[in-house]
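Below: the structure, in structure tokens.
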Amino acid sequence: MSNINSKLRESYSLTQDDIRYYQKNGFIKLKQVLDEETLAYFNEEITKVVIEKNPLLGKPIEERNVFEQAFIQIGNLWRTNDLIKKLVLSERLGKIAADLMQVEGVRLYHDQALYKEPGKKVKNITPWHADQYYWPLDTDNTITAWIPLQKTTPEMGPLAFSMESQKHDFGRDLEISDESEAKIQKALSDANLELVDEGFDAGEISFHGGWTFHRASANVSNKVRAVMTIIYMEDGIRLSEFKNEAHPNDRDAFLPGLEPGDIAQTELNPLIYKR
Ligand SMILES: O=C(O)CCC(=O)C(=O)O
């Protein structure tokens with residue numbers, strides 16, 4: 001573990017081109033951010049917790065709603081496990097997030113594991129959406145690190161991104177649903193935006209902004225797609241007004257006790273990186 005700890009602190013060599021690519025396109029895929037040893041270690045640790053906490057275990061996939069079919073979702077794992085905490089609060093990942101967003105510092109908004117089960121019978125896609133629909137945050141400076149815990153082939157439902165879609169505001173009012181899949185797909189096609197939908201090598205991680213539209217195909221392989229995500233927000237930002245039903249729920253879960261206008265900072269939102 002001490003070896004893994006020091007790797008999680010080491011700086012990743014992000015280039016100016018990487019930063020420009022992210023700023024233009026709203027996402028980036030970076031290779032070799034984690035090595036195979038680190039990945040295997042966290043795959044085992046995170047999978048143990050997901051199995052222990054899986055609220056959908058035993059519910060047949062055919063009886064789940066669209067959101068539940070897309071993936072098993074377990075949040076704030078860093079609070080339940082000191083080992084996972086090392087990954088979520090990793091300075092290496094936090095600095096990449098701050099550099100891509102070009103901000104002085106980042107705090108944790110929350111983490112979540114997203115496990116997409118193999119589903120031959122049900123098309124367990126993740127419909128098109130932008131994450132920030134769910135977040136009561138008064139900023140565009142949010143970013144998600146999507147960390148596949150194994151090599152992820154196209155058959156396993158890797159995350160796919162619509163290039164430069166953060167510059168468009170259609171569909172920002174849609175939650176993850178069949179409706180978001182259909183309407184956003186149409187709007188993105190009408191706007192001729194390019195899709196990046198490719199597998200991930202082991203250790204490759206993507207970062208996408210809060211308003212970047214993304215989706216994932218169904219997992220039609222015979223393996224679970226194990227993914228950990230870490231959501232960062234710029235240090236010092238404030239809560240926005242609540243504009244939909246998700247906002248007070250997210251506030252209760254990730255920013256407890258705060259009101260619109262307050263600085264987004266509670267014991268659940270540690271500072272991960274500051275220049
Ligand atoms: O893992 C997935 O299928 C969806 C992930 C996602 O939407 C996200 O991390 O923002």
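The values are calculated or read from the model by the stated rules, or taken from the named source; none is laboratory data. Because the structure is a prediction, the values reported are computed rather than measured. Glycine gets a Cβ as well: all are built from the backbone with ideal geometry, and neighbour counts include every protein chain shown. These accessible areas exclude ligands, DNA and RNA; they are computed on the full protein's heavy atoms, side chains included. Shrake-Rupley method; radii C 1.70, N 1.55, O 1.52, S 1.80 Å.
Data table
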{"read-out": "Single residue of Q69, Q112, Q166, Q132 found to be more than 15 Å from the chain's Cα centre (by Cα) and at pLDDT 95 or above", "value": "Q166"}
{"read-out": "Complete set of residues in the stretch 23-61 that are among the small types (G, A, S) and open to solvent by 10 Å² or more (accessible area, probe 1.4 Å)", "value": "A40, G58"}
{"read-out": "Flag for V50 being in contact (Cβ under 8 Å) with a residue 12 or more places away in the chain, touching a Ser or Thr at 6+ places or on another chain (Cβ under 8 Å) and farther than 30 Å from S13 by Cβ", "value": "no"}
{"read-out": "Filtered residues of the stretch 62-115 (kept if among the polar types (S, T, N, Q), away from the ligand (no atom under 16 Å from the Cβ) and open to solvent by less than 60 Å² (accessible area, probe 1.4 Å))", "value": "N81, S90"}
{"read-out": "Number of the exception - D17 against (1) over 19 Å from the mean Cα position of the chain (by Cα); (2) under 28 Å from V224 (Cβ atoms); (3) surrounded by fewer than 11 Cβ atoms within 10 Å (Cβ to Cβ)", "value": "(2)"}
{"read-out": "Count of the stretch 15-36 residues which are assigned to a helix (DSSP H, G or I) and of a type in the set (D, E, K, R)", "value": "5"}
{"read-out": "Members of the stretch 223-242 found to be open to solvent by 10 Å² or more (accessible area, probe 1.4 Å) and closer than 10 Å to L108 by Cα, listed by number", "value": "E234, D235"}
{"read-out": "Residues (within 17 Å of I230 (Cα to Cα), among the hydrophobic types (A, V, I, L, M, F, W, C) and more than 12 Å from the ligand (Cβ to nearest atom)) located in the stretch 116-143", "value": "L137"}
{"read-out": "Filtered residue count, the stretch 170-204, keeping only those that are more than 23 Å from E155 (Cα to Cα) and of a type in the set (S, T, N, Q)", "value": "1"}
{"read-out": "Residue that is nearest to the ligand (Cβ to nearest atom), among those in the stretch 222-242 that are in a strand (DSSP E or B) and closer than 30 Å to E259 by Cβ", "value": "T229"}
{"read-out": "Condition check for K183: among the basic types (K, R) and modelled with pLDDT under 95", "value": "no"}
{"read-out": "Residue that is farthest from D99 (Cα to Cα), among those in the stretch 144-164 that are open to solvent by less than 10 Å² (accessible area, probe 1.4 Å) and in contact with a Gly (Cβ under 6 Å, 6 or more places away or on another chain)", "value": "T152"}
{"read-out": "In the stretch 1-14, residue surrounded by the most Cβ atoms within 10 Å (Cβ to Cβ) [restricted to those that are hydrophobic (A, V, I, L, M, F, W, C) and in a helix (DSSP H, G or I)]", "value": "L8"}
{"read-out": "Test: residue in the stretch 82-103 that is in contact with a strand residue (DSSP E or B) (Cβ under 8 Å, 6 or more places away or on another chain), at pLDDT 95 or above and at positive phi", "value": "no"}
{"read-out": "Tally, over the stretch 165-180, of residues that are touching a residue at least 60 places away in the same chain (Cβ under 8 Å), more than 12 Å from the ligand (Cβ to nearest atom), surrounded by 15 or more Cβ atoms within 10 Å (Cβ to Cβ) and closer than 19 Å to S217 by Cβ", "value": "2"}
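Results for (1) in contact with a helix residue (DSSP H, G or I) (Cβ under 8 Å, 6 or more places away or on another chain); (2) open to solvent by 40 Å² or more (accessible area, probe 1.4 Å); (3) within 16 Å of the ligand (Cβ to nearest atom); (4) more than 20 Å from Y115 (Cβ to Cβ), shown as yes or no for each residue.
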{"position": "L195", "(1), (2), (3), (4)": "yes, yes, yes, yes"}
{"position": "E204", "(1), (2), (3), (4)": "no, no, yes, no"}
{"position": "V220", "(1), (2), (3), (4)": "yes, yes, yes, no"}
{"position": "N244", "(1), (2), (3), (4)": "yes, no, no, yes"}
{"position": "L258", "(1), (2), (3), (4)": "yes, no, no, yes"}
{"position": "L268", "(1), (2), (3), (4)": "yes, no, no, yes"}
